[in-house]
Amino acid sequence: MTAARGTRDGHDAEDLDVEEALALVREDGARTHAAGLARANGAAHPADSRAPDDPTHDGPPIHDNPIHDNPIHDNPVHDNPVHGTPVHGNAAHDDSAHDNPAHDNPGPTPPHGDTAAAGKHEHHTATPWPEARAVAARAARSVPGREPVSVRLGNAFGLALAAPLIALTDLPSFDTSAMDGWAVAGPGPWAVRGAGALAGHAEPEPLGDGEAVPIATGARVPRDATAVLRTEHGRTDDMGRLHALREVVPGQDIRPRAQECRRGERLVSAGSTVTPAVLGLAAAAGYDTVSAVVRPRVEVLVLGDELLTEGLPHEGLIRDALGPMLPSWLEALGAEVAEMRRLGDDASALYGAVTSSDADLIVTTGGTAAGPVDHVHPTLRRIGAELLVHGVKVRPGHPMLLARTRENQHLVGLPGNPLAAVSGLFTLVEPLLRVLAGRVSPQPYELPVAESVQGHPLDTRLIPVTVRAGRAVPLHFNGPAMLRGIAAADALAVVPPGGTRPGQELELLPLPWALAGIGAGRA
């Protein structure tokens, strides 16, 4: 069975987000236009006359290969000032592209009336995926810094440390017993004293050679004790003398003072996330409060008249998946979700919500394309926002955007399809929130992929994977509108243009709640 018109092999129409579908229409138009020019010039080639998606076509699809595209419009290597002047002031083009050779050159202005070429050109001025992440991080760094706050340990979970965690005392602060048993001095057998040493009590009397005293785990070890004999490794005779059932090594089962750290030693670096373990360490090291970065405040605006908040889908209405999903995800990324509002497809409501918001970040869902009820772009133009990213070369999630709405406020427009929105979270939201929240940059994390993965000819792909036996295993159900794959995933794998072979190392983007600690900032 061949792919339906306007889709690629293996992709149903409902698996494409709106912008991807529009791009395919533009590509169809561009191919038709190019074929007409070729016939007019008598330059048609039999191989080029086959459908690009035809399995008999022995080369890459013509509409996806820049070698076959008009080099004037798409290939910066072939840009020539003789053919025209590059477009300036295009809001769809990220300003940072002028400083980054990895970004596509906007190229010369298409001839008037060449709408197919113009549409194709617009599609390929999207920001490359790695550069989009860098733009988001730079945007956050441009925001004026906020003063750290002192937070009690009970309220610090999930925050980023604003200052290193420095030990306020030795750990342990005195010699302690690692086991229940007897503290002994010198060689045995030992005469057992009656009063035992208990945790939390004052230092017991010193021991003399040949003496022992019962001791509890965590109790202070008496001065001059040479070892702790575990309960199961000793016995007492009828005379009350203690005998060892195995060799006693000096220092055994004693935790010496400062074994873990000394006062003044750095325990955890600034920027590290406060985990339950960090909370425990801070308390053990003598802290009641920690210096932390305030969570950035995020407001979520859910757009779309077709969304239901309860019940089964019916009569063209579908359940809203992003409303329940985004707040928890954003909190896992270090944000405080100040509010979530459902606005439908109301341009006035969107304008009012954006202009009245005092959040550090506004996240919208859907409405980033150019349809009759897609109001995000018109709203940004109306308020004079600075568009930093207008589309990203990533699948799914191509039509995402990032804008600066005020000096200290940004807006991320996520696509409406659920997995495409997840792609936007990893691409634009995570880098931006990471910097705002004061978290350290994640360490690169790669694993070999268990099987070959089909790639997009030009764009990065993000696919859900699970980790099994040290390999990334791609999951099915990875279309833009699907959540079944990501619900079972440990991470998203970054598939470069062109795809991968089995065993090739791929960068993994761990989900915030999976693969705990892997890829996270190190202490």
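The values are calculated or read from the model by the stated rules, or taken from the named source; none is laboratory data. Every value quoted in this text rests on a predicted model; they were computed, and no experiment measured them. Don't worry about glycine lacking a Cβ; one is built from the backbone with ideal geometry, like all the others, and counts go over all protein chains shown. Just the protein is used for accessible areas: all its heavy atoms, side chains included, with ligands, DNA and RNA removed. Shrake-Rupley method; radii C 1.70, N 1.55, O 1.52, S 1.80 Å.
What to note about this one:
- Test result for GLY352, under 21 Å from the mean Cα position of the chain (by Cα) and either of a type outside the set (Ser, Thr, Tyr) or over 15 Å from THR405 (Cα atoms) (or both): no
- Just so you know, in segment 194-252 the residues that are basic (Lys, Arg) and under 27 Å from LEU171 (Cβ atoms) include one that is farthest from the chain's Cα centre (by Cα), and it is ARG223.
- Spans of helices (runs of 4 or more DSSP H) in segment 418-523 with at least 2 residues under 30 Å from LEU279 (Cβ atoms), in contact (Cβ under 8 Å) with a residue 24 or more places away in the chain and open to solvent by less than 10 Å² (accessible area, probe 1.4 Å): 430-436
- Candidates in segment 136-158 are the residues that are touching a strand residue (DSSP E or B) at 6+ places or on another chain (Cβ under 6 Å) and either assigned to a loop (DSSP other than H, G, I, E, B) or free of Cβ contacts under 8 Å to residues at least 12 places away in the same chain (or both); of these, the one that is surrounded by the fewest Cβ atoms within 10 Å (Cβ to Cβ) is PRO148.
- Count of segment 229-272 residues which are open to solvent by less than 50 Å² (accessible area, probe 1.4 Å) and polar (S, T, N, Q): 3
- Checked against (1) farther than 25 Å from GLY498 by Cβ; (2) among the hydroxyl-bearing types (Ser, Thr, Tyr); (3) in contact with a Leu (Cβ under 9 Å, 6 or more places away or on another chain), SER423 passes all but condition (1).
- For SER348: the one exception among (1) touching a residue at least 12 places away in the same chain (Cβ under 8 Å); (2) open to solvent by 30 Å² or more (accessible area, probe 1.4 Å): (1)
- Among the residues making up segment 276-298, those that are closer than 20 Å to PRO431 by Cα and either open to solvent by 20 Å² or more (accessible area, probe 1.4 Å) or in a loop (DSSP other than H, G, I, E, B) (or both) are VAL293, VAL294, ARG295, PRO296, ARG297.
- In segment 180-228, the residues that are open to solvent by 60 Å² or more (accessible area, probe 1.4 Å) and outside any loop (DSSP other than H, G, I, E, B): ARG220
- Going through (1) under 30 Å from ARG223 (Cα atoms); (2) touching a strand residue (DSSP E or B) at 6+ places or on another chain (Cβ under 8 Å); (3) assigned to a helix (DSSP H, G or I) one by one, ALA258 falls short only on (3).
- Within segment 159-179, if we keep just the residues that are part of a loop (DSSP other than H, G, I, E, B) and hydrophobic (A, V, I, L, M, F, W, C), the residue that is nearest to ARG220 (Cα to Cα) turns out to be PHE174.
- Residue within segment 316-333 that is without any contact (Cβ under 8 Å) to a residue 60 or more places away in the chain, closer than 30 Å to ILE215 by Cβ, surrounded by 14 or more Cβ atoms within 10 Å (Cβ to Cβ) and not charged (D, E, K, R) present: no
- The set of residues from segment 396-411 being surrounded by fewer than 24 Cβ atoms within 10 Å (Cβ to Cβ) and in contact (Cβ under 8 Å) with a residue 24 or more places away in the chain comprises ARG404, THR405, GLU407, ASN408, GLN409.
- Residue check for VAL440: modelled with pLDDT of 95 or more, at negative phi and either touching a Phe, Trp or Tyr at 6+ places or on another chain (Cβ under 8 Å) or not charged (D, E, K, R) (or both): no
- Single condition LEU301 does not satisfy, out of (1) assigned to a loop (DSSP other than H, G, I, E, B); (2) closer than 30 Å to ARG342 by Cβ; (3) modelled with pLDDT of 95 or more: (1)
- Checked against (1) touching a Lys or Arg at 6+ places or on another chain (Cβ under 8 Å); (2) free of Cβ contacts under 8 Å to residues at least 60 places away in the same chain, ILE215 passes all but condition (1).
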